[in-house]
Amino acid sequence: MSDQAQELRKLIRLRHEKDTPSPGSALTGQPERKTRIITVTSGKGGVGKSNFTLNFALCLQARGYKTLIFDADIGFANIDVLMGISSKANLLHLIKGEKTIGELVQTGPKGLQFIAGGSGLYDLVRLSDSEADSFTDQIQELGGMADFILFDTGAGLSKETQRFIAAAQETLVVTTPEPTSITDAYALIKMVRSEDPDVTFKLVVNRAAHSREAKETAEKIAMVARRFLSVELQTLGFVEDDQHVSRAVKEQTPFTIAYPNSPAAKSMNVLVDQFLGQQPKADSTGGFKGFLSRLIGR
């Protein structure tokens, strides 16, 4: 079974690479890779969104895709903490001109790259034209550095989170089977769609006891969205509830690395394979430069 799974992942990667130049092409003079920009969000805190983002990114990295996490969770940024890494530089240093984008990018386990979060996101909407141009020039360098950039936003719908959702090509909404989490996930989708009807979402059910519970949870949200918003929600997959996850958090090591054979790690790998097996959303938004323009309102 493991050999079959390995072959399936190889086929999925080859299929994806038809549309995505191989990692490192930006450094070898080959055509620049097409960066897929993904926002990961949730309707409420405490659903394991950041932990999901981290392990999702590590699984992409393990499959040969250069991946970068941009911690956009204002006030509760913790991607570096989950990896046991102390960050001394964040986005605020870039906005103030104290650091370059290259100095902000740090390397975590398995070569995963990340930018630590910080209060600097508050200042994005207050940049002058010259500051916005400088910021865009710096951040734009990320576009050729990775196959995937994951923006881990704050829980709930702040002004900053809504900007990231509206600007990104794809948005993953993480929920759990808890009724409050389901309600808040739907509320977030409703509020975003009222402002931008073109935004599409994919549901991720975290901490599901089994696939049946995950399916029932996703169907509850999808049914209400279909009935009241006329929106068809796609379910990406689920991550199984597993005590190894909380154990890994305490150890400050991603669970897919600390416990690769755990139920959570196995279900995460299945979810990532499903993600890579899906056709990417067509990008008619101007790529990474268009994303930045929408993000800072320029």
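The values are calculated or read from the model by the stated rules, or taken from the named source; none is laboratory data. Quick caveat: nothing in here was measured; it's all calculated off a predicted structure. Backbone-built Cβ (ideal geometry, glycine too); neighbour counts: all protein chains shown.
Results, tabulated for the structure shown:
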read-out	value
Residues of the range 238-258 satisfying the condition of being charged (D, E, K, R) and crowded, with 16+ Cβ neighbours inside 10 Å	240, 241, 242
Options 248, 225: the member that is of a type in the set (Gly, Ala, Ser), more than 19 Å from the chain's Cα centre (by Cα), within 24 Å of residue 187 (Cα to Cα) and in a helix (DSSP H, G or I)	225
The range 206-220: number of residues that are within 13 Å of residue 183 (Cα to Cα) and touching a strand residue (DSSP E or B) at 6+ places or on another chain (Cβ under 6 Å)	2
Among residues of the range 259-272, those that are buried (at least 18 other Cβ atoms within 10 Å of the Cβ) and in a helix (DSSP H, G or I), counted	7
Top-ranked residue of the range 66-116 - restricted to ones that are touching a Phe, Trp or Tyr at 6+ places or on another chain (Cβ under 6 Å) and either in contact (Cβ under 8 Å) with a residue 60 or more places away in the chain or assigned to a helix (DSSP H, G or I) (or both), ranked as nearest to residue 249 (Cα to Cα)	79
Meets criteria (of a type outside the set (A, V, I, L, M), at pLDDT 95 or above and assigned to a loop (DSSP other than H, G, I, E, B)) for residue 280	no
Any pair with Cβ under 6 angstrom, 6 or more apart, that starts in the range 187-211 at a residue that is under 17 Å from residue 294 (Cβ atoms) and ends at one that is among the small types (Gly, Ala, Ser)	196/166
Count of residues meeting criterion [touching a Leu at 6+ places or on another chain (Cβ under 9 Å) and without any contact (Cβ under 8 Å) to a residue 40 or more places away in the chain] in the range 238-269	2
Residue under evaluation residue 69, criteria (1) within 20 Å of residue 295 (Cβ to Cβ); (2) surrounded by fewer than 20 Cβ atoms within 10 Å (Cβ to Cβ); (3) of a type outside the set (S, T, N, Q), criterion not met	(2)
Residue in the range 206-214 that is closer than 28 Å to residue 78 by Cα, surrounded by 17 or more Cβ atoms within 10 Å (Cβ to Cβ) and in contact with a Leu (Cβ under 6 Å, 6 or more places away or on another chain) present	no
Every residue from the range 139-189 that is among the charged types (D, E, K, R), within 15 Å of the chain's Cα centre (by Cα) and outside any helix (DSSP H, G or I)	147, 152, 170
